[in-house]
Amino acid sequence: MLDFPRWKVLLLWAVTLVIAAAALPSIVDMAGYRWPAALPEPKVNLGLDLAGGSHLMLEADPTQVRTQRIEGMEESVRNKLHAMAQPVRISDISNNNGSLSFLIDDATKVDAVREALLPLTNGAGLTGKRDWTINVVDGNRFVLSPTPEGIDQAVSQAMDTAVEVVRKRIDALGTKEPTIIRSGATRIVVQVPGLQDPQGLKNLLGQTAKLEFKLVDQTADAAQVYQGIAPPGDEIVPYAETKAGQPAAKIAVKRLGGIRGDQLTNAQLSSNQQTNQPTVTITFNTDGGERFAKLTSANVGKPFAIILDGKVLSAPVINEPILGGSAVISGNFTSDSAGQLAIALRSGALPVDLKVVEERTVGPDLGADSIHKGMIAMGIGTLALAVFILATYGRFGVYACVALVFNVFMILGVMGIIGTTLTLPGIAGFVLTIGAAVDANVLINERIREERHRGRRVVQAVELGYKEAGRAIFDANITNVIAAMLMLAFGSGPIKGFAVVLIIGIATSVFTAIMLTRMWVAQWLRRARPTELSL
Amino acid sequence: MKLLKLVPDHTNIHFLKWRVPFYLVSMVLVAASWGLVLTKGLNLGVDFIGGQMIRVTFERSAEAPVGPLRDEVTKLGYGEPILQRFGKPNEVSIRMKLPEGAEHDPALADRMARTITADIRKNHADARVDGVDSVSGKVSKELGWDAFRALGFAALAVAAYIWVRFEWQFGIGALLSLVHDVSLTLGMFAVTQLEFDLNIVAALLTLIGYSLNDTIVVYDRIRENLKKYRRMPLPELLDLSVNETLARTIVTSLSMLITLVSLLVFGPQVIFGFTAAITLGIFIGTYSSIYMAAPILIWLKVSPKSFVPGEKPSDGPAGAKA
């Protein structure tokens, strides 16, 4: 038990010193100095609550994905049946109850139609299910319903795309080291250190940036449009700008036949040379440019609506075919909002709307103050604790205290090596771990005292002390790890940071308080061969 | 050098003699805590009830102008704010319910935060906005549920661990003393009306871990003594075990308190509630490991037969063989 061969001594010291040295960059950094760039620098990241910054949790509405899929399916079905050798006419299309249903004119063609529609459905990932079910009711009514598996897959894909889009938009803002992660099925967590006013960010992320160009239905009855009743084949879209105190102006546009503004290669802030109003100039890719040219050529002299996220920006009359592949979007922009729109269009549309469901912003002064005070508290706490332990255990107290100092360094070192984040509760966890780390030494030392009282010789008492106390130390630390694991599983950011410090602290404290002190005690026993313990 | 001995050698206090009165006291305290939590309620932060919290420091004032601030914010028409000092007297948190409809349109919550902070900056030149937390009702319900689950699972998991490592009686004893500790800490939050937020849940979880430390040390010794002194009556054996570990209990608890008090006095103000919860928990945990965890074993009829010696020779008492 107290036998320490040379290789074991060297190994213990090597592990201790390497890990403790890994703490140096973090310490130098927190003290406000610069760590030389030439040296390796494992560093503890500071959480938002210490470094200051913004935390946003964005949530998507999965029903929106469902609606979009049904709308997309409607268009695919139309195209497909139109392209059949003997085109099938369909009528009474509805997509009300979360499925798409329509009638075909000729019940004898049911099988042919089903055959034609089947390629529109796909397998839903690895679930072994298809993403749509096709049913025929009453002889000639088709009902296409998305399966739950298909919806889940679509939502998941939409969220992946959304994360990418969010990342592009945040990068465009030029903020440093943002963290963007998916959280659960429908959420994205965005953390931007150092960002003090998340307003611009929120505006940018709150914009879905779904741009559409649709033809205005000039035959629609103005009174009906005003009441929100859409003529067949039309939809009613409100204007983005409303005059104060007035209900939003509305306009009827044709549902189909427009084009979407997602085939862009660029979007730039520009301005109208006559009015100096900010505008956004978009450039289509080849395919988009051709479709745009076709739309404008076929409809010269008619107005078309530029619709952003379901609101009409403007509805200019097409004066001449636009063949150059670029277009200017005007609306009631400020240069800020036009710039944001340009970024949003460049990064692509979000496949779903994102809403901010949680927001936390911390100023930089508060965090700096917390670090400073945390350091002071840790220093004073450690010092006072060391005095107490020295007074209680003498030589064995010295070992415990030296182990404690190594423990502090090793916690920081491990945190730096695995790149964890230090949060405000994490500082508390740090201080707490120091208090708890001596518990192992207390248990051991008290046990040695006891065994001496029972009349055991020094070496045997020490050996029994480490052995008998070890069991309780082990059990106690396991329960702490269990509690910390549950914090990791259920906690949010800062609490997770706390749990990580706790777990690392438990591991290092077992190492320093048991392994290191045992080595030192063993070496002392062998060197001094004491017959009496002052304990 | 004369070493400090807080607990003299061969201390023998008859703790268990007073177990019934202490049990009654504990039960009254637990009942009172829950009564307070249910009637007076906890001062739940935005984490758990949703809403918006704006933290402001008045840099050149000795004290935050709470009264005028309340009037100013109320005048903005978003409802009555809850103002609370935290940390230093010139730091204040302003809590608001989220405006109607903010669940669907987050821009409304934004506008409220901007209006309020702009108004504060306009009226108080030295105001520094330290942070804005905004949590929607849906998220806050989830956070609350997650916190509740984490606490429940943690208590059950550690109790199960102790059951596996010891015996079922020990597991139940540990669970009951955990319930006791957490209840009393909650009671303190009901009395002081310190803000109860996510950090406090972390504190409670830490408490579950650390208050068990004492319990485990005492239980470990009880198990050892049960094997060693097979004919000793249980109350006497429990007393012996508690006394034998008393020095360790006192020294460890003091060590924790030293660091915690330095954190309370010198540490960051923002986590005052967090530190206070753990500090109180250390006291309660030490008490409960002596007066809850150990005596419960008498009622659950632990006996030396619970640990048949010889079955696990490695755990056997070395003293008996020597």
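At-a-glance table
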read-out	value
Some residue of segment A:445-463 being part of a loop (DSSP other than H, G, I, E, B), facing chain B (nearest Cβ under 7 Å) and not basic (Lys, Arg)	no
Filter result for B:ASP71 (closer than 30 Å to A:SER534 by Cβ and out of contact with any strand residue (DSSP E or B) (no Cβ under 9 Å at 6 or more places or on another chain))	no
Test: residue in segment A:127-139 that is surrounded by fewer than 17 Cβ atoms within 10 Å (Cβ to Cβ) and closer than 21 Å to A:VAL357 by Cβ	no
Residue ID - nearest to B:ALA247 (Cα to Cα), chosen from residues in segment B:1-24 that are touching a residue at least 24 places away in the same chain (Cβ under 8 Å) and part of a loop (DSSP other than H, G, I, E, B)	B:VAL7
Flag if B:ASN213 is part of a helix (DSSP H, G or I), touching a Phe, Trp or Tyr at 6+ places or on another chain (Cβ under 6 Å), within 14 Å of chain A (Cβ to nearest Cβ) and buried (at least 23 other Cβ atoms within 10 Å of the Cβ)	no
Positions within segment A:371-391 being within 33 Å of the chain's Cα centre (by Cα) and more than 7 Å from every other protein chain (Cβ to nearest Cβ), in sequence order	A:ILE371, A:HIS372, A:MET375, A:MET378
Number of positions in segment B:99-124 that are modelled with pLDDT of 85 or more and either among the aromatic types (Phe, Trp, Tyr) or not in a helix (DSSP H, G or I) (or both)	1
Matching residues, segment A:331-350, being outside any helix (DSSP H, G or I) and surrounded by 23 or more Cβ atoms within 10 Å (Cβ to Cβ)	A:LEU350
From A:ILE495, A:ILE434, A:ILE417, A:ILE427, residue being over 24 Å from A:GLY184 (Cβ atoms), within 29 Å of the chain's Cα centre (by Cα), within 9 Å of chain B (Cβ to nearest Cβ) and touching a residue at least 24 places away in the same chain (Cβ under 8 Å)	A:ILE427
Hey, B:ARG128 touching a helix residue (DSSP H, G or I) at 6+ places or on another chain (Cβ under 8 Å), in a helix (DSSP H, G or I), within 12 Å of chain A (Cβ to nearest Cβ) and of a type in the set (Lys, Arg) or not	no
Candidates B:THR11, B:THR115 - the one that is within 14 Å of chain A (Cβ to nearest Cβ), within 15 Å of B:ALA127 (Cα to Cα) and out of contact with any strand residue (DSSP E or B) (no Cβ under 9 Å at 6 or more places or on another chain)	B:THR115
Check on B:THR252, within 30 Å of A:LYS373 (Cβ to Cβ) and not assigned by TED's automatic domain parsing to the domain that holds B:GLY131	yes
Residue ranges of helices (runs of 4 or more DSSP H) in segment B:223-288 with at least 1 members at the interface with another protein chain (Cβ under 8 Å from one of its Cβ atoms) and of a type in the set (S, T, N, Q)	B:246-266, B:272-288
Enumeration of residues in segment B:144-157 that are aliphatic (A, V, I, L, M) and either surrounded by fewer than 18 Cβ atoms within 10 Å (Cβ to Cβ) or in the same structural domain as B:LEU69 (by TED's automatic domain parsing) (or both)	B:LEU156, B:ALA157
Filtered residues of segment A:278-328 (kept if polar (S, T, N, Q) and under 20 Å from A:VAL253 (Cα atoms))	A:THR296, A:SER297, A:ASN299, A:SER314, A:ASN319
Cross-chain or 6+ apart pairs with Cβ under 8 Å, segment B:35-49 first and surrounded by 18 or more Cβ atoms within 10 Å (Cβ to Cβ), then of a type in the set (Val, Ile, Thr)	B:VAL46/B:VAL135; B:ASP47/B:VAL135
Only one of A:VAL402, A:VAL398 that is out of contact with any Leu (no Cβ under 7 Å at 6 or more places or on another chain), surrounded by fewer than 23 Cβ atoms within 10 Å (Cβ to Cβ) and within 30 Å of B:ILE250 (Cα to Cα)	A:VAL402
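The values are calculated or read from the model by the stated rules, or taken from the named source; none is laboratory data. This one's a predicted model, so the numbers in the text were calculated from it and none came from an experiment. Note: ideal-geometry Cβ built from the backbone for every residue, glycine included; neighbour counts use all protein chains shown.
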